[in-house]
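K.L.:
Sending over a structure as structure tokens; questions will come in a sec.
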Amino acid sequence: MPTADDFRVRQEPFYQPQDKEIELYEAAYAARLPVMLKGPTGCGKSRFVEHMAWKLGKPLITVACNEDMTAADLVGRFLLDAGGTRWQDGPLTLAARLGAICYLDEIVEARQDTLVVIHPLTDHRRTLPLDKKGELVAAHPDFQLVISYNPGYQSLMKDLKQSTKQRFAAFQFDYPDSTLETAIVCSESGIAADLAGRLVELAQVGRRLKGHGLDEGISTRLIVYAARLIGQGTAPADACRMAMVRPITDDPDIIDSLDHAIGAIFG
């Protein structure tokens, strides 16, 4: 059976705080409150969770949610092997037993009937019923549940119910200001600050188009991708087109506008 050590974050993940989120998360963990992280794609939500698991010295079990995920995928199921049937814990059950932080990434992608299984873990009960096994798992004292989602993609069909939302303390994430984002890009890629600043400037041009042809702005993650391409010797304009423009849109008018911005910023 896996142990807590199997899920330790061994090396410090780089994370640059934007505000008081580290101290506030530490307080939430000390109170064992479930936590919800809201914010756009690529703004650092998952990196933040990894950093906090490392900082607190706690194991981290991450689940990438999707629309095909069932309750059994989270809690576990009986499997058939040569010796007969055996129970295998799912990631949520394993985290509850081991005292890990369980991170459900992009939780709105999961079906609503699947999400109901997390409710007993997010109130005073801190339990997880395994109905198929006839067992009630009491969460380890160190267990914490963390979920994330992007409110920009929510709709009537893809949003969390209030009965789920109101079980969590919440953090609102956004892209950093230009100075901080430039420092992050420098740290993550090793490129010069002036060049990183121009990449951030381009990203801000793209973000202003959100709601005007773009569903989502250019993320910090994509800026770092472009910076890493530049670090490999790729021309900055080519790196921007490849990493910051082509991934986010197929609209020829938006592409043309952003390509024009690339030419203006990088010459």
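Here, each number is a calculation from the coordinates, and none is a lab measurement. All of these numbers come straight from a predicted model, not from anything done at the bench. Cβ placement follows ideal geometry from the backbone for every residue including glycine, while neighbour counts extend to all protein chains displayed.
K.L.:
Of the peptides 233-245, 5-17, how do they stack up when ordered by the mean number of other Cβ atoms within 10 Å, highest first?
P.N.:
Working: 233-245: 18.4, 5-17: 13.2.
Per-residue mean Cβ counts within 10 Å order the peptides as 233-245, 5-17.
K.L.:
In the structure displayed, which of 38/58; 38/210; 20/45; 38/158; 133/161; 20/55 lie more than 24 Å apart, Cα to Cα?
P.N.:
Pairs exceeding 24 Å: 133/161.
K.L.:
Can you give the local net charge around residue 64? Use residues other than it whose beta-carbon is closer than 9 angstrom to its beta-carbon, Lys and Arg +1, Asp and Glu -1. Kindly include the intermediate steps, with their values, before the conclusion.
P.N.:
Working: positive: none; negative: 105, 106, 109.
Value of the local net charge: -3.
K.L.:
Hydropathy first: keep DSSP H helices in the chain averaging at least -1.0 on Kyte-Doolittle, then drop any whose Cα extent along the axis falls short of 15 Å, and list what survives.
P.N.:
Working: long enough: 45-56 (17 Å, -0.52); 178-189 (16 Å, 0.50); 193-207 (21 Å, 0.33); 220-231 (16 Å, 1.08); 252-266 (21 Å, 0.78).
Counting only whole DSSP H runs, the qualifying helices are 45-56, 178-189, 193-207, 220-231, 252-266.
K.L.:
Something else about it: Residue-wise, which Karplus ³J(HN,Hα) couplings in Hz belong to region 106-112, taking 6.51 cos²θ - 1.76 cosθ + 1.60, θ = phi - 60°, and x for glycine or proline?
P.N.:
Result, rounded to whole Hz: 6, 5, 5, 6, 7, 5, 4.
K.L.:
Tell me the mean residue ellipticity at 222 nm calculated for the chain from its helices only (DSSP H runs of n ≥ 4, each -39500 (n - 2.57), averaged over every residue, nearest 500). Present the calculation step by step, with values, prior to reporting the outcome.
P.N.:
On the way: 11 runs with 102 residues, N = 267.
About -11000 deg cm²/dmol.
K.L.:
Picking from 254, 229, 218, whose Cα lies most toward the positive end of the charge dipole for region 178-266 (charges on Cβ: Lys, Arg +1; Asp, Glu -1)?
P.N.:
229
K.L.:
Please name whichever of 101, 74, 36 sits farthest to the positive end of the charge dipole of region 7-119, dipole taken about the Cα centre and charges placed at Cβ: Lys and Arg +1, Asp and Glu -1.
P.N.:
Comparing the listed Cα positions along the dipole, 101 ranks first.
K.L.:
Could you tell me which label, among [x] 16.5; [y] 14.6; [z] 24.4, carries the value of mean projected area of the Cα convex hull in nm² calculated for this structure?
P.N.:
Step by step, mean projected area of the Cα convex hull in nm² for this structure corresponds to label [x].
K.L.:
Something else: Apply the Karplus curve 6.51 cos²θ - 1.76 cosθ + 1.60, θ = phi - 60°, to the phi angles in region 159-166 and return the couplings in whole Hz, x for Gly and Pro.
P.N.:
8, 7, 5, 4, 5, 8, 4, 7
K.L.:
Okay, moving on. Enumerate by residue number the GluC sites (Glu not before Pro) in region 34-112 meeting two conditions: DSSP loop (anything except H, G, I, E, B), and at most 10 other Cβ atoms within 10 Å of the site's Cβ. The partial results should precede the final answer.
P.N.:
Details: sites: 50, 67, 106, 109; in loops: 67, 106.
Counting only loop positions with at most 10 other Cβ atoms within 10 Å, the GluC sites (Glu not before Pro) in region 34-112 are 67.
K.L.:
Using the Cα centre of region 1-121 as the reference point, and only Cβ charges (+1 on K/R, -1 on D/E), how large is the resulting charge dipole? Debye, rounded to the nearest 20. Mind dumping the intermediate values first?
P.N.:
On the way: 13 positive and 17 negative charges, 64 e Å.
Dipole magnitude for region 1-121 comes out near 300 debye.
K.L.:
Once you sort the root eigenvalues of the Cα gyration tensor of region 33-79 as a ≥ b ≥ c, which label holds: rounded (a/c under 1.5), prolate (a/b larger than b/c) or oblate (the other case)?
P.N.:
Oblate shape, in that a/c is at least 1.5 and b/c is the bigger or equal ratio.
K.L.:
Moving to a separate point now. Which shape class, rounded, prolate or oblate, goes with region 140-232 when its Cα gyration tensor gives a ≥ b ≥ c as root eigenvalues, a/c under 1.5 marks rounded, and past that a/b bigger than b/c marks prolate?
P.N.:
Values: a/c = 3.03, a/b = 1.63, b/c = 1.86.
Because a/c hits 1.5 or more and a/b fails to exceed b/c, region 140-232 counts as oblate.
K.L.:
Please check: in the Gaussian network model of the chain (C-alpha springs, under 10 Å), which one of 114, 93, 62 has the largest mean-square fluctuation.
P.N.:
Looking only at 114, 93, 62, the largest GNM fluctuation is found for 114.
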